[in-house]
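The values are calculated or read from the model by the stated rules, or taken from the named source; none is laboratory data. Since this is a predicted model, take the numbers as computed values, not measurements. Here the Cβ positions follow ideal geometry from the backbone for every residue, glycine too, while neighbour counts run over all protein chains shown. Surface accessibility is based on the protein's heavy atoms, side chains included, excluding ligands, DNA and RNA. Shrake-Rupley method; radii C 1.70, N 1.55, O 1.52, S 1.80 Å.
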Amino acid sequence: MNDQELVIREALLTWYQKAHRILPWRQSKDPWQIWVSEIMLQQTRVSSVLNYFPRFIERYPHPTALASSDEEELNTYWAGLGYYARARNLLVASKQVVDLYQGQIPNQPEQFAALKGVGPYTKGAVMSIAFDLEEAIVDGNVMRVFSRLFAIKEDIALPSTQQKFWDISKRMVKGRNPGDFNQSLMELGATVCIPKNPNCLLCPVREVCTAYQSQEVQKLPFKSPKSKIPEFEYYAMVLRDEKQRVLLGLRESRGLLGGLWCLPMYQSSTLFDLKEEIAQISHAFTHKKWILHLYAFDQSEIDLKIDLSGEENQRVRWTFFDESQLSDLAISGPSLKALLAMNMKIKIRRGAGQKMLDLEKGK
Ligand code: SF4
């Protein structure tokens, strides 16, 4: 570790002791709680996770509790957080912990990293925070902070640049309180060294921040212009039976939206040609965007056997639901937005995605 890295490490540790936010998962060293929080926090804001974490831990206080649950129930505790593959992986991993380690989360980094869904960042975070091991972390926050602190001007999407970040992180995590040091990096990235308009005047390391000293903060981190994410159009059917119940299908657990309730969807507009489009919604996933055209149907207009037999709607369990039952279901993000756009009264848990709340409010 060079002098600059040493000074930064000490300053961040001191700052973290005083300034860190009190968050539920920071109240204990329980590796399960730390693991769950880290998984929930991937691609998701702290404010959203705060609405899900306590309820999840109350229902699944240890890996054994989750291992004996099933995907359908788990999805009701995850619905609204998005990125459901995270939840499915956590379920598989909890079973691995029960089968391989008698329900105890291993404190050997290699063993922990071999569990389903545990990547290098999660390994570093859980091992350092729960077990005080000198395990490094690098994620988007850490890359941003390091690129500014050390004025690293290479494209942060390049593997060679990311290797640089890992090398720095591995050097700097060595020493006292590795878990607190990692958390201080996360905290700085989340509260001070934020993407736009970082709060350099309140930053505990501005005296030794290369980008601040050379007035290059606004230029970093450097990312080459992103290619536009592809858009896909789908046609969705809001189908009611004679009791005004709505048809939803539970998708099999693999793949995008697996294990979630969805409206019948089609890639082709053939079925809808003579119908009037009622609404259009869009939904962004990490690497693609869906545009969903919505159409209302009565059951009498449809032959369920034929019209639900297409590729998009196979391996789906279809059920009609009263509107009053919809709030209890784990409904996929796009279908939830569609149902809200149809003015259905569905209670969304707070934090279930600002876009959905905006839609609910008619914005
Ligand atoms: Fe980030 Fe500014 Fe602090 Fe540098 S001085 S680490 S740019 S907040």
task = Beyond 28 Å between alpha-carbons counts as too far, so tell me which of Lys275/Lys345; Lys29/Lys174; Lys116/Lys170; Lys164/Lys196; Lys116/Lys153 fall in that bin.
result = Lys116/Lys153
Arg245 accessible area, 1.4 Å probe, all protein chains in place, Å² to nearest 10 = 70 Å²
query = Relative contact order of the chain: what whole-number percent is it, with Cα pairs under 8 angstrom and at least 6 residues apart?
reply = 17 percent
ask   = Taking Cα atoms, how many degrees apart are the long axis of helix 3-19 and the longest axis of the chain, rounded to 10 and kept between 0 and 90?
value = 60 degrees
request  = Just the number, please: carbon plus sulfur as a percent of the accessible area of the chain, 1.4 Å probe, no ligands or DNA/RNA counted.
outcome  = 51 percent
task = Please state, to two decimals, what the Cα-based radius of gyration of the range 152-232 comes to when divided by 2.2 N^0.38 Å (N = residues).
result = 1.27
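How high is the relative contact order of the range 65-157, in percent, with contacts defined as C-alpha pairs under 8 Å that are six or more residues apart?
17 percent
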message = Through the Karplus equation 6.51 cos²θ - 1.76 cosθ + 1.60, θ set to phi - 60°, convert the phi angles of the range 240-254 into ³J(HN,Hα) values in whole Hz; use x for Gly and Pro.
response = 10, 8, 5, 8, 6, 7, 9, 8, 10, x, 8, 7, 5, 6, 7
query = Rounded to the nearest whole Å², what accessible area per residue is found for the range 66-184 with the 1.4 Å probe?
reply = 40 Å²
ask   = What is the mean projected area of the alpha carbon convex hull for the range 16-119, to one decimal in square nanometres?
value = 6.7 nm²
message = Can you give me the long-range amide H partners of Ile331? Hydrogens built in the peptide plane at 1.01 Å from N, cutoff under 5 Å, separation of 5 or more residues or another chain.
response = Trp261
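Report the gain in length on full extension from Arg317 to Thr76: 0.36 nm times residue separation, minus Cα-Cα distance, nm rounded to one decimal.
Roughly 85.1 nm would be gained on extension.
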query = log10 I(q)/I(0), Debye, Cα-only the chain, no solvent, q = 0.14 Å⁻¹?
reply = -1.18
query = Per the Kirkwood formula on distinct C-alpha pairs, the Rh of the range 96-175 is how many angstrom?
reply = 13.7 Å
query = So, with +1 on the Cβ of K and R and -1 on the Cβ of D and E, and no other charges, what is the size of the charge dipole of the chain about its Cα centre, to the nearest 20 debye?
reply = 1040 debye
task = Pairs of Cα atoms under 8 Å, at least six residues apart: use those to get the relative contact order of the range 157-250, whole percent.
result = 13 percent
task = Would you mind calculating the gained length between Met344 and Ala65 on full extension (0.36 nm times residue separation, minus the Cα-Cα distance), in nm to one decimal?
result = 97.0 nm
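Of all the C-alpha pairs in the range 95-230, what % are more than 24 Å from each other?
Here the long-distance tail beyond 24 Å is 37 percent of all Cα pairs in the range 95-230.
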remark   = Asserting the computed 222 nm helical MRE of the chain (DSSP H runs at least 4 long, -39500 (n - 2.57) per run, divided by residue count, to nearest 500) equals -12000 deg cm²/dmol
